[in-house]
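Here is the structure we will look at, set down as structure tokens.
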């Protein structure tokens, strides 16, 4: 029995548990960390772990500040949109100078908010005709004109392009064609440095012949669209830029700068609108927040209560200072008077939001100089489902989960480190032995194994991230992340444990492709050496083969090169003939190879007289066939001689054994007659006993020789039937029980409870078992145990007999089954050396197998027979 099986099972179980933990712990570690980080973000401060009341936490102060910021920005945007009319402007100069908006026309380049609102609702599509041209005046100032307007002015004669005198005649081109060439260059934006750098332009005059421009270019950083709304007091943006000189106008930027600031002004409109829409989320019927904002100059009030304007916001009906609140007031017309700004709050402000930050929030969120703001919680029970209620629920939830998540993270981390160390130590090891065990994956090239781990891991990570980003369901996202981490962890353990096993087995570098590449020069040198050795034998034939191959490749390349230069049918035909000849040659070589392989197969299968047809072969193949045929002749003669010798030995043994039986029988009979004379002389009686014993032994030996001869040649008739091997073993052991006891041998059996049915000859099978147990009586060491075991699996019946030899077994196991070979070299026992040979021959005749194993003085014989299954 294998005593290591429990240890192996325990080791396998431990590794299985460790691997399961190694796959699960990263999931626990990740989600615990995510929960801790989320809880920390939702709570804002670790100190909030000590606070059970959400309204006394730093988290509430932060949430309340964010809510107040949204409301103030919404109020400011709504206040701007409410007063937007033709007299409310966005000055592009203020945007360009990055000063605060006054909503007045301060630099002369201002657009009314109403015009910008109307323009922001239109779809504007770019057009080539919107190209803006830069025209240089005689005073070296720059004026701007749309390309389409410039073309119209040229066509209606308002402007005229004047060439350098006599240049058109020199180029032999008409005035109209020359003008069109200039216009095409300007439209294609090929005149960034001015048209005069590439065309003979002298000047551009008006219809009265006055020079108005000296050059024209299309050098602009960005295209300027034809904007339907115009600045205050001008027809268009270009009209403002052309109205005065760049040195005298208040807006100091270029046309591109003005256009960029206009785009920024347009983007403010939807921004203000979205900010204003935020206030709808804080209506009194859907929000737990109450707010009131008073602009004291025009005496306007923005609130989600039913109150009207009040100078003192604390007198608004429904306000109470018992609930969390913030009250801010600013009355500072010049922005420097800090005495007329105040803030009162009931929030926990230590390490939280300070009063100065609240005042700064009101100042940065509004454009008003004299205003008040009051925000408070209407009901601390938070009856409405809004952002504050959600924040409170998250605070309570994550505050409760933070500590368990931290504990889970710490435990998972420590267990993962332990599993990593344990698997590192036990990787490749088994308790049953001290050897290192590698699997098929460990025998791959190191770089290939790394690629099989890393590439799928990157693929899984990429797919997981894409699916996670496209999933808007928290549960679905968690499942995708969990599956991704699980698969990546599984690939990590595969690669990591394989790496450890490779390091322990010292195969990390040995199985590396890089190592093979570094050894490639040496391998090539060896290949070259082998190639030289190859040509050193049968040199003429091999050189002839290489020359033929080289000639074929040269002609193939030559004809191919010629065919690529011309479409000659003759060259294509030559190529076809060359390839056809090569095909036929290789086909004939392959056919000859098949003939040789078929002949070798038939000769090895026993047809020693078969001759390979040499007339179908040529060259080296014909010579090879001649040698093979000679080998076949020699083998045929050797086999015939061997069979003749075997028959002669068998006949000799049979005849001699038969001739010995007659005198031997007479000797036994006469000895028996002498024993009946009742001699009284002890010496005579002793001689008679010796004669009788030796005569019977000689008779037994003669019978064994005959039976061994018949068994080895198969010259026996078998009466096959279904036998229960276990039942027959009990019968044989019953007969040998007393004799085993005399030799102080203890028989230990392990038989199955179910019948072990085999198909065999009962009489021959009895002889096999009798010889095996008799062999034990002759050669087993006294005072030892003899083990007999029968195992039955799905298809075979296995019988094993083991004992300890009294004499050293210093010969190979296979020699013990040869005739006249005995286990005691001194031949002191009564054995003939034929028992195991007969047993093996009889076993094989009945369709079984007979194997011997020697391990020191341990002698083991194994019989295997096919299991005879009962019919269903």
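The values are calculated or read from the model by the stated rules, or taken from the named source; none is laboratory data. For clarity, every value in this text was computed on a predicted model and none was experimentally measured. Counting neighbours? That spans all protein chains shown, and the Cβs are built from the backbone with ideal geometry, glycine included.
Quick notes on this structure:
Here's the yes/no breakdown for (1) under 30 Å from residue 794 (Cα atoms); (2) touching a strand residue (DSSP E or B) at 6+ places or on another chain (Cβ under 8 Å); (3) part of a loop (DSSP other than H, G, I, E, B); (4) in contact (Cβ under 8 Å) with a residue 12 or more places away in the chain:
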site	(1), (2), (3), (4)
732	yes, no, no, yes
738	no, no, no, no
749	yes, yes, no, yes
752	yes, yes, yes, yes
755	yes, yes, yes, yes
759	yes, yes, no, yes
763	yes, no, no, yes
771	yes, no, no, yes
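- Residue in region 454-472 that is closer than 16 Å to residue 34 by Cβ, assigned to a loop (DSSP other than H, G, I, E, B) and at pLDDT below 90 present: yes
- Residue within region 205-216 that is over 24 Å from residue 260 (Cβ atoms), surrounded by 13 or more Cβ atoms within 10 Å (Cβ to Cβ), within 60 Å of the chain's Cα centre (by Cα) and touching a residue at least 12 places away in the same chain (Cβ under 8 Å) present: no
- Inside region 290-303, residues that are within 11 Å of residue 378 (Cα to Cα) and in a loop (DSSP other than H, G, I, E, B) make up a count of 0.
- Residue check, residue 403 at pLDDT 85 or above and either outside the structural domain of residue 298 (by TED's automatic domain parsing) or touching a strand residue (DSSP E or B) at 6+ places or on another chain (Cβ under 9 Å) (or both): no
Residues checked against (1) surrounded by 16 or more Cβ atoms within 10 Å (Cβ to Cβ); (2) within 30 Å of residue 296 (Cα to Cα); (3) without any contact (Cβ under 8 Å) to a residue 12 or more places away in the chain:
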{"site": "374", "(1), (2), (3)": "yes, yes, no"}
{"site": "379", "(1), (2), (3)": "no, yes, no"}
{"site": "394", "(1), (2), (3)": "yes, no, no"}
{"site": "403", "(1), (2), (3)": "no, no, no"}
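- Of all the numbered requirements in (1) farther than 27 Å from residue 800 by Cα; (2) at pLDDT below 65, residue 714 misses one, and that requirement is (1).
- Flag for residue 144 being touching a helix residue (DSSP H, G or I) at 6+ places or on another chain (Cβ under 6 Å), closer than 27 Å to residue 259 by Cα, modelled with pLDDT of 85 or more and surrounded by fewer than 17 Cβ atoms within 10 Å (Cβ to Cβ): no
- Checking residue 116 against (1) buried (at least 17 other Cβ atoms within 10 Å of the Cβ); (2) under 30 Å from residue 380 (Cβ atoms); (3) touching a helix residue (DSSP H, G or I) at 6+ places or on another chain (Cβ under 8 Å), the condition it does not meet: (2)
- First in region 185-201 and assigned by TED's automatic domain parsing to the domain that holds residue 215, second anywhere and surrounded by 15 or more Cβ atoms within 10 Å (Cβ to Cβ) and part of a loop (DSSP other than H, G, I, E, B), Cβ under 6 Å, 6 or more apart: 185/191; 186/218; 189/218; 191/218
- With respect to (1) out of contact with any strand residue (DSSP E or B) (no Cβ under 9 Å at 6 or more places or on another chain); (2) modelled with pLDDT under 90, the lone exception for residue 413 is condition (2).
- A single entry from 418, 395, 409 fulfils the requirement of being in a helix (DSSP H, G or I), under 30 Å from residue 67 (Cβ atoms) and not assigned by TED's automatic domain parsing to the domain that holds residue 512: 395.
- Of the residues making up region 610-631, those that are assigned to a helix (DSSP H, G or I) and within 57 Å of the chain's Cα centre (by Cα) are 616, 620, 621, 622, 623, 624, 625, 627, 628, 631.
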